[in-house]
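Inspection log for the structure reproduced underneath, given as structure tokens.
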Amino acid sequence: QVQLVESGGGLVQAGGSLRLSCAASGRTFSYYAMGWFRQAPGKGRDFVAAISKNGGSSLYADSVKGRFTISRDNAKNTLYLQMNSLKPEDTAVYYCAAPKYSSASNSYTPSRRWDYDYWGQGTQVTVSS
């Protein structure tokens, strides 16, 4: 029904940058908000960032504000996460996610795990010190 495929993860030293991508298929991409989550071993899946369906609004977890930027290219059905000034504590598997329903709001930026129904396979980001 909906398929999400992340890419761009890898090993980077502290202070470096990575750009993650999420290719979406199976629905009209521009109708839906999108989000990024991350999960470290033994921990829950934590919210990272969300973007509204038209890209006009975004929301970030406090831990990544000022360092990460979420964006989207609706013509390419692709979601991005630009990660700068990476820290060892950013090490995790990163997942892109899509909600089940389209919101009428152009500023809807869901931030809870249960707001989302579709998840990618995840991509590993490892930050060394």
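Some notes on this structure:
- Whether region 62-129 is rounded, prolate or oblate, judged on the alpha carbon gyration tensor where a/c under 1.5 counts as rounded: prolate
- Surrounding net charge for C22, when Lys and Arg each add one and Asp and Glu each subtract one, Cβ distance under 14 Å: +3
- Residue among T123, N84, S102 farthest towards the positive dipole end of region 44-129, charges placed on Cβ: S102
- Average accessible area per residue (Å²) across the chain - probe 1.4 Å, nucleic acids and ligands excluded: 50 Å²
- Test item: Cα-centred dipole of the chain, Lys/Arg +1 and Asp/Glu -1 on Cβ, debye: 120 debye
- Region 23-52-region 55-69 distance, computed between alpha-carbon centres (Å): 13 Å
- Accessible-area composition of region 1-115, carbon plus sulfur, in percent [1.4 Å probe]: 45 percent
- Shown for the chain: lysine pairs separated by 8 or more places, or found on different chains, whose C-alpha atoms are under 26 Å apart, numbering 9.
- Euclidean distance between Cα centres, region 111-127 to region 71-86, Å: 14 Å
- For region 54-118, trypsin sites (Lys or Arg not before Pro) meeting the loop criterion (DSSP other than H, G, I, E, B) and having at most 11 other Cβ atoms within 10 Å: K65, K100, R112.
The values are calculated or read from the model by the stated rules, or taken from the named source; none is laboratory data. Here the structure is a predicted model, which means the values were calculated and not measured. FYI the Cβ positions are ideal-geometry reconstructions off the backbone, even for glycines, and counts take in every protein chain you see. Only protein heavy atoms, including side chains, enter the accessible area calculation; ligands, DNA and RNA are left aside. Shrake-Rupley method; radii C 1.70, N 1.55, O 1.52, S 1.80 Å.
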